[in-house]
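Notes follow once the structure below has been shown.
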Amino acid sequence: MSDFTKLAEAVFRGDFGSAGQITKEFIDNGTDPLAIINQGLIAGMDIVAPKFKAGEMFVPEVMMAARAMAVGMELLKPLINDVDIPSKGTVIIGTVAGDLHDIGKNLVAMILESGGFKVIDLGVDVSTDKFVEAAKEYNPQVIGMSALLTTTMIAMKDTIDALKEAGLRENIKVIVGGAPLSQDFANQIGADGYASDAMSAKELCEKLAV
Ligand code: B12
């Protein structure tokens, strides 16, 4: 097994101790940081993605894999300039006002990050104003909103309306997700997209953030 394969395997298994150790060894040997990222860390997440979609891996395992990738990335970050990694775009993500559920939102954020997006995570209970202020500050391609409660879903429409009022809606795609949502609901509130899981959310962002 090549060393890159070993690193990819460590990420896939969510073994962040080994992922960090192997990444360190590569760094000490003077290996190109981008090769470590692409052929090791991202290669590991590329094994995870289809397995999760096919129901062969579950949420905790995916989170462990994303965490293992993050451990490697933290070690590599000081060695690479921002310009070295072509970003696919900026995504602002948050759980809407009144809602504290963040497991799914965090998973989406991690998968987007490991897929090459810059992610600004606003956390939970994010007010309409906070989404709008962040949109002004970070100029994202996409805003993603998460809601797990039927009582908080409606806040998504408020945010879309507020983005319109602030004159920001035309340049920003809005996507929504969370267990009680559906494509129908997304259409009703005028969102640009809906995804039922983190992998589909990444594919959606790749389609929209062009
Ligand atoms: C864990 C959990 C909690 C935890 C949350 C911990 C945390 N840090 O998130 C705690 C215990 C705090 C909690 C509290 C409450 N909960 Co709760 N909770 C759940 C539970 C069991 C799991 C949710 C979850 O994490 N799922 C796993 C993740 C991975 O799935 P997911 O969130 O759907 O995310 C995926 C997709 O939806 C999508 N996605 C998610 N976000 C986004 C965003 C975008 C942009 C995109 C594209 C995609 C996307 O991708 C994700 C990954 O694949 C659900 C039951 C359920 N089956 O959903 C109830 C549930 C959501 N909770 C419920 C309730 C009622 C509550 C409380 C009101 C309970 C109470 N009386 O206090 C409080 C509300 C607190 C608040 N203000 O938010 C109800 C909601 C009912 C309803 N119709 O609204 C549920 C459905 C349980 C039930 N059957 O009654 N809860």
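Evaluate region 148-160: report whether one residue or more is assigned to a helix (DSSP H, G or I), closer than 20 Å to Ile103 by Cβ and either in the same structural domain as Phe52 (by TED's automatic domain parsing) or in contact with a Gly (Cβ under 7 Å, 6 or more places away or on another chain) (or both). Outline the logic, then answer.
Let us first name the residues in region 148-160 that are assigned to a helix (DSSP H, G or I), namely 155-160.
With closer than 20 Å to Ile103 by Cβ added as a condition, the list becomes 155-156.
Then keep just the ones that are either in the same structural domain as Phe52 (by TED's automatic domain parsing) or in contact with a Gly (Cβ under 7 Å, 6 or more places away or on another chain) (or both); that gives 155.
Scanning region 148-160, I find at least one residue that is assigned to a helix (DSSP H, G or I), closer than 20 Å to Ile103 by Cβ and either in the same structural domain as Phe52 (by TED's automatic domain parsing) or in contact with a Gly (Cβ under 7 Å, 6 or more places away or on another chain) (or both), so the answer is yes.
Surrounded by fewer than 23 Cβ atoms within 10 Å (Cβ to Cβ), within 9 Å of the ligand (Cβ to nearest atom), over 21 Å from Lys77 (Cα atoms) and modelled with pLDDT of 95 or more - does that describe any residue in region 108-125?
yes
Filter region 90-106 down to residues that are near the ligand (Cβ under 9 Å from one of its atoms) and surrounded by fewer than 21 Cβ atoms within 10 Å (Cβ to Cβ), then give me how many there are.
Here the count works out to 7.
So which residues in region 114-130 are in contact (Cβ under 8 Å) with a residue 40 or more places away in the chain and either outside the structural domain of Val174 (by TED's automatic domain parsing) or assigned to a helix (DSSP H, G or I) (or both), if there are any at all?
Ser114
Please give the number of the condition Leu163 fails out of (1) more than 12 Å from the ligand (Cβ to nearest atom); (2) touching a Gly at 6+ places or on another chain (Cβ under 7 Å).
For Leu163, the failing item is (2).
Tell me, yes or no, whether region 131-145 has at least one residue that is in a loop (DSSP other than H, G, I, E, B), farther than 18 Å from Asp192 by Cβ and of a type outside the set (S, T, N, Q). Before the answer, list the steps.
Our first condition is that a residue be in a loop (DSSP other than H, G, I, E, B); within region 131-145, this holds for 139-141.
Remaining after also requiring farther than 18 Å from Asp192 by Cβ: none.
So far as region 131-145 goes, no, none of its residues is in a loop (DSSP other than H, G, I, E, B), farther than 18 Å from Asp192 by Cβ and of a type outside the set (S, T, N, Q).
Mind checking which pairs have a first residue in region 144-169 that is within 10 Å of Ile189 (Cα to Cα) and a second that is of a type in the set (Lys, Arg) and crowded, with 17+ Cβ neighbours inside 10 Å, Cβ under 8 Å, 6 or more apart or different chains?
Pairs found: Ile160/Arg169.
For region 132-151, name all the residues that are within 7 Å of the ligand (Cβ to nearest atom) and more than 18 Å from Leu107 (Cβ to Cβ).
Within region 132-151, Thr150, Thr151 qualify.
Count, please, the residues in region 43-72 that happen to be part of a helix (DSSP H, G or I), of a type in the set (A, V, I, L, M) and without any contact (Cβ under 8 Å) to a residue 40 or more places away in the chain.
Looking only at region 43-72, we keep the residues that are part of a helix (DSSP H, G or I), and these are 43-53, 59-72.
Going one step further and asking which of them are of a type in the set (A, V, I, L, M), we end up with 43, 45, 47-49, 59, 62-66, 68-71.
Cutting the leftovers down to without any contact (Cβ under 8 Å) to a residue 40 or more places away in the chain gives us 43, 47-48.
Here the count works out to 3.
The values are calculated or read from the model by the stated rules, or taken from the named source; none is laboratory data. Bear in mind the structure is a predicted one, so any value in this text is a computation, not a measurement. Because the Cβ atoms are built from the backbone with ideal geometry, glycine has one as well, and the counts that use them run over all protein chains shown.
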